[in-house]
Amino acid sequence: MRKPEYIVVHHVGGWVRRALDLVREAFTDIPYDYIVHVNGRIEPGRSLAKRGAHCIATIPKWKSVDFNARSIGVALNGNFQKSNVPEAQFNAASELVSRLARRYSIPTTHILMHRQVTATACPGKRFADRWQSFVDALCLESREGG
């Protein structure tokens, strides 16, 4: 079992159910530990007992961190370069990340967007534009006991 020290938030660029099935068929697993669907449904992905496959750091500040060994990958289904994050999905992702952060004692400074550690647009501009409110919600849920 990995001892997660970080949570990395992604989008899956508009993949649909069949695409997730194809990835599972090809690789016997998906790269993310959790998928958050548009309607707010949370689907478990890769087991935390397995090494992750969702993030290789390319930003100099983070290159020494092996995120696939030390983080939980949470992916929101959708392309947030092109569309807004539905409220149900945003709220479900926030609640999930808050629960995971509490469970594994991960500080908010270790909850990152994929784009913060890798040269990518992920999780999309429209999610990134809401990042501060996402982090603020995590802090509020933590204070309230979520």
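The values are calculated or read from the model by the stated rules, or taken from the named source; none is laboratory data. As the structure is a computational prediction, the values presented were derived from the model and not from experiment. Ideal geometry is used to build each Cβ from the backbone, glycine not excepted, and the neighbour counts take in all protein chains shown.
The residues of region 99-110 that are surrounded by 18 or more Cβ atoms within 10 Å (Cβ to Cβ) and either over 21 Å from Gln89 (Cα atoms) or touching a helix residue (DSSP H, G or I) at 6+ places or on another chain (Cβ under 6 Å) (or both) amount to a single one, Ile106. Contact map, region 81-94: residues that are farther than 21 Å from Ala121 by Cβ and free of Cβ contacts under 8 Å to residues at least 60 places away in the same chain paired with residues that are aliphatic (A, V, I, L, M) and part of a loop (DSSP other than H, G, I, E, B), Cβ distance under 8 Å, separation 6+ or inter-chain. Pairs shown: Ala88/Val38.
For region 71-84, the condition holds for no residue, the condition being that it is buried (at least 16 other Cβ atoms within 10 Å of the Cβ), aromatic (Phe, Trp, Tyr) and within 25 Å of Arg2 (Cα to Cα).
Only strands (runs of 3 or more DSSP E) whose full extent lies in region 1-119 are considered here, and the ones with at least 1 residues that are farther than 26 Å from Asp129 by Cβ and either modelled with pLDDT of 90 or more or not charged (D, E, K, R) (or both) are 42-44.
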